[in-house]
Amino acid sequence: ILILWGNEKERKIAQILSEKTGSIKTEFLKFNELFKIIEFSKFIITSDTLSLHIADVVKKKSIGIFGPTNLDRNGSLNRSSISIYKNFH
């Protein structure tokens with residue numbers, strides 16, 4: 001299952017991708033649902049989004065995938081997490 005967090009426009013795009021691939025089941029969650037899933041997970045893989053920062057709060061292992069951003073400012077604060085970073089400059 002691919003769990004997505006986003007606005008209505010992103011929900012529509014995800015639905016189209018899901019229908020075209022036929023292999024991705026998407027679930028859109030409310031904040032409290034996302035929080036509980038992360039809280040009870042062993043680890044998460046995510047981009048630099050709210051889910052990464054929730055994982056920090058509940059001290060879950062994570063793999064954070066970053067683009068051109070400042071890892072010192074936006075990266076995970078959890079020492080057991082891994083950041084994958086690509087500098088596009």
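The values are calculated or read from the model by the stated rules, or taken from the named source; none is laboratory data. All figures in this text were calculated on a predicted structure; none of them were measured in a lab. Neighbour counts run over all protein chains shown; Cβ positions are idealised from the backbone, glycine included. Note: areas computed on protein heavy atoms with side chains; ligands, DNA, RNA excluded. Shrake-Rupley method; radii C 1.70, N 1.55, O 1.52, S 1.80 Å.
Over all other residues within a Cβ to Cβ distance under 11 Å of Asn78, the charged ones net out to +3, with Lys and Arg as +1 and Asp and Glu as -1. Counting only protein heavy atoms and using a 1.4 Å probe, the accessible area of Phe31 comes to about 100 Å².
For Ile45, nonlocal amide neighbours, meaning residues 5 or more places apart or on other chains whose placed amide H falls under 5 Å from its own, are Ile63.
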